[in-house]
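Below you'll find the structure, written out as structure tokens, and then a few comments.
Rule-based calculations on the coordinates, nothing more; no lab input. Note that the structure is predicted; figures quoted are calculated from it, not measured. Don't worry about glycine lacking a Cβ; one is built from the backbone with ideal geometry, like all the others, and counts go over all protein chains shown.
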Amino acid sequence: MLGVVETELFIGGKWVPASSGNRFDVLDPATGEVIASVADGGESDAIAAVDAAAEAGAGWAATAPRVRGEVLRRAWELMTERADELAKMISLENGKALVDAKGEVTYAAEFFRWFAEEAVRGEGTLATAPSGANRILVTRQPVGVCVLVTPWNFPAAMATRKIGPALAAGCTVVLKPASDTPLTALAMAAILAEAGVPSGVVNVLPSRSSGKVVSRMLHDSRVRKLSFTGSTEVGRILLAQAADNVVNTSMELGGNAPFVVFADADLDAAIEGAMIAKMRNGGEACTAANRFYVESSIAADFSQRLASRMAALKVGPGTAEGTQVGPLVNEDTVGKVDELVKGAIEAGAKAETGGRRPEGPGFYYPPTVLTGVAPDSPILREEIFGPVAPIVTFSSEEEAVRLANDTEFGLVAYVYTTDLARGLRVSEAIEAGMVGLNRGLVSDPAAPFGGVKQSGIGREGGHEGLLEYLESKYIAVNW
Ligand code: NAP
């Protein structure tokens, strides 16, 4: 069970119950048992949170960038000091192995450190108009009140990746975390308050009626920005709603990452990269390798080696020492993975390891490698979000690129080859916002993270991540 943890809404710097008095349960995915009950924010609470954010807006925007940066840096320090405690909380409510949860805390905290450093890079530009008649002065101003909506798969990092740049830019926020994992978001609120974030600058609103609550906020004219991370399906709904008030949007949506291995690849490196790209977070990552395309001449060797590495992984409760793969987050997720694998096997695929959901409590699915996957299998089109690696063979560079691009998604791709010219050529030809070239991990707070096609709009992290929370103001000047 958890120790002391905040379970009320965080609005205007105070812990408050939902105005309805309603609460909802948070489950341990390893057992399906209740670990906490959290205040269930409704529409009037959402408006109270927007009130608080709007009221705090001018003061925070006027705070010196250096001071905003120092507050964020303090939040990084506090997260780092409490890394073990936070990792345990993430593992308990999300199910991921403690080792993954610790990795997430470090990654999440780094967004605060990175944007602490970015807060003071408030550059603008000054140019002479082509006519010579005047100067073009461009300055940057905070967008204003932001609604941040995050998923359950990285409950800390998806929150800090938005809060960090928003606060650095001088914006105030209402964070609506996923209802499977609200505890980590509430812990973030407590840390930010302790770090010196003034009341109302960050508000956190867990809710079981996410649709109504977010829609209510997007239709409040004080809200000027939506930053959403989640499924493409929900992203489409929110883009339509944001259109009503022409709200600025940043959308980090679903992925369907291809992992392409050419015959000239360093096979040891490709297997290591595959294990990271597939199994980080138990496969529950938008960046997870979803489709493996391996050149025919090395496919048998690659499949066998990957299957033996996957079979050796230790599956168990996320919080247990030595666990490498925890349970999936909930029944729907494990049910979907099971269905996709069954469908692929019925269509002729072979499970080299795994492939069957175990009996018993908890939302477990074993690490699985599938070969002989039919090209039209749903498992190659849909986001698996679990520890399953379907392998398909190819015989030319052109075919590999065509297969990789045969999806409406375009978040990330992985390419393994020792031919640098080919690696760069294929990286350019693949339609994705990010490419891991001989590398199974791309996420880095200092780099622009995001997708093309239906994987999203905008970037998080890097300098681009800060610009998402700033408006350019052009002043035509004569002097
Ligand atoms: P989801 O179902 O789309 O939910 C994401 C968030 O939206 C949650 O807070 C959810 O609240 C809320 N939500 C659900 N329906 C809503 C509605 N009608 N209106 C407003 N908000 C709504 O996604 P998920 O299952 O939590 O996360 C997995 C997805 O996130 C995957 O597709 C993954 O690829 C994507 N993801 C993308 C990135 C990226 O950077 N591109 C990173 C991580 C994850 P409730 O929890 O209350 O439903």
> Roughly how many nanometres apart are two label points built 7 Å out from the Cα toward the Cβ at Arg381 and Asn245?
Replying inline: 3.7 nm
> Which of Thr181, Asn281, Pro361 sits closest to the plus end of the dipole of the chain, meaning its Cα is farthest towards the positive end, when Lys and Arg get +1 and Asp and Glu get -1 on the C-beta?
Replying inline: Thr181
> Taking only Cα atoms, what is the 0 to 90° angle, nearest 10, from helix 182-195's long axis to the longest principal axis of the chain?
Replying inline: 40 degrees
> If one computes P(r) from the Cα atoms of the chain, what percent of pairs lie at distances over 41 Å?
Replying inline: 20 percent
> Quick one: longest stretch of the chain between exposed loop GluC sites (Glu not before Pro), exposed meaning at most 12 other C-beta atoms within 10 Å and loop per DSSP?
Replying inline: 124-320
>> Which residues does the label zone of Thr31 cover in segment 98-123, counting backbone N under 19 Å from a point 7 Å along Cα→Cβ?
In response: 98
>> Taking amide H atoms as placed 1.01 Å from N in the peptide plane, list the residues 5 or more away in sequence, or in a different chain, whose amide H sits under 5 Å from that of Ala349.
In response: Ala374
>> List the residues, sorted by chain then number, that are 5 or more residues from Val173 or on another chain and whose placed amide H is less than 5 Å from its amide H.
In response: Cys146, Val202, Asn203
> When each pair of different Cα atoms in segment 75-124 is counted once in the 1/r mean, what is the Kirkwood radius in angstroms, to one decimal?
Replying inline: 11.6 Å
> Considering every pair of different Cα atoms, what Kirkwood radius, in Å, is found for segment 405-479?
Replying inline: 14.2 Å
>> Show log10 I(q)/I(0) for segment 198-311 at q = 0.13 Å⁻¹, two decimals, from a solvent-free Debye sum over equal Cα scatterers.
In response: -0.67
>> With N set to the number of residues, divide the alpha-carbon radius of gyration of segment 107-167 by 2.2 N^0.38 Å and report two decimals.
In response: 1.62
> What's the extension gain from Glu428 to Glu81 if we count 0.36 nm per residue and subtract their Cα-Cα distance?
Replying inline: 120.8 nm
> Over the Cα atoms of segment 1-54, how large are the radius of gyration and the largest Cα-Cα distance (Dmax), in Å?
Replying inline: 13.0, 41
>> At R0 = 56 Å, how high is the FRET efficiency between Val477 and Arg402 if r is their beta carbon distance? Nearest 0.05 is fine.
In response: 0.60
> If you place +1 on the Cβ of every Lys and Arg and -1 on the Cβ of every Asp and Glu, how big does the dipole about the Cα centre of segment 168-303 come out, in debye to the nearest 20?
Replying inline: 1000 debye
> Applying the Karplus parametrisation 6.51 cos²θ - 1.76 cosθ + 1.60 with θ = phi - 60° to the phi angles of segment 125-138, what ³J(HN,Hα) value in whole Hz is obtained for each residue in order, glycine and proline being reported as x?
Replying inline: 9, 9, 9, 8, 4, x, 6, x, 6, 7, 9, 10, 9, 10
> Which listed residue (Leu253, Ala58, Leu239) has the Cα farthest towards the positive end of the charge dipole for the chain, taking +1 on Lys and Arg C-beta and -1 on Asp and Glu C-beta about the Cα centre?
Replying inline: Ala58
> How large is ³J(HN,Hα), in whole Hz, for each residue of segment 228-244 in order, when computed from phi with the Karplus curve 6.51 cos²θ - 1.76 cosθ + 1.60 and θ = phi - 60°, using x for Gly and Pro?
Replying inline: 10, 10, x, 6, 4, 4, 6, x, 4, 4, 6, 4, 5, 5, 5, 5, 4
> Taking the Cα centre of segment 47-114 as origin and charging only Cβ (+1 Lys, Arg; -1 Asp, Glu), how large is the dipole, in debye to the nearest 20?
Replying inline: 220 debye
> When the chain is fully extended, how far beyond the present Cα-Cα distance does Ser308 get from Trp15, taking 0.36 nm per residue of separation?
Replying inline: 100.5 nm
>> Positive end of the dipole of the chain, charges at C-beta (+1 Lys, Arg; -1 Asp, Glu), about the Cα centre: which of Ala48, Gly451, Phe10 has its Cα farthest in that direction?
In response: Ala48
> Which value, in debye to the nearest 20, describes the size of the charge dipole of the chain about its Cα centre when Lys and Arg Cβ atoms bear +1, Asp and Glu Cβ atoms bear -1, and nothing else is charged?
Replying inline: 1000 debye
>> What's the whole-number percent of alpha carbon pairs in segment 302-359 lying beyond 15 angstrom?
In response: 60 percent
> Using just the C-alpha positions of segment 3-161 as equal point scatterers, what log10 of I(q)/I(0) does the Debye formula give at each q in 0.09, 0.18, 0.19, 0.21 1/Å?
Replying inline: -0.43, -1.30, -1.37, -1.45
>> Can you divide the C-alpha Rg of segment 333-465 by 2.2 N^0.38 Å and report the result to two decimal places?
In response: 1.18
> To the nearest Å, what is the center-to-center distance of segment 315-345 and segment 214-287, using C-alpha atoms only?
Replying inline: 20 Å
>> I need the semi-axes of the equivalent ellipsoid of segment 370-417: take the C-alpha gyration tensor, multiply each eigenvalue by 5, square-root it, list largest first in whole angstrom.
In response: 17, 14, 11
>> Quick check: Cα centre of segment 105-170 to Cα centre of segment 419-472, how many Å?
In response: 17 Å
>> Quick check on the chain: helices-only [θ] at 222 nm, where DSSP H runs of length 4 and up contribute -39,500 (n - 2.57) each and the sum goes over total residues. Nearest 500, please.
In response: -12500 deg cm²/dmol
> Against the longest principal axis of the chain, how steep is helix 83-94, in degrees 0 to 90 to the nearest 10, with axes from Cα atoms?
Replying inline: 70 degrees
>> Using each residue's phi in segment 382-388, evaluate 6.51 cos²θ - 1.76 cosθ + 1.60 at θ = phi - 60° and report the 3J(HN,Hα) Karplus result to the nearest Hz, with x for Gly and Pro.
In response: 9, 6, 6, 6, x, x, 10
> Most exposed first by the Cβ proxy, i.e. fewest other Cβ within 10 Å, how do Met217, Met279 rank?
Replying inline: Met279, Met217
> Exposure proxy check: Thr371, Thr139, Thr181 ranked by fewest other beta carbons within 10 Å?
Replying inline: Thr139, Thr371, Thr181
>> Can you list residues from other chains, or at least 5 along the same chain, whose modelled amide H is less than 5 Å from the amide H of Ala265?
In response: Thr418
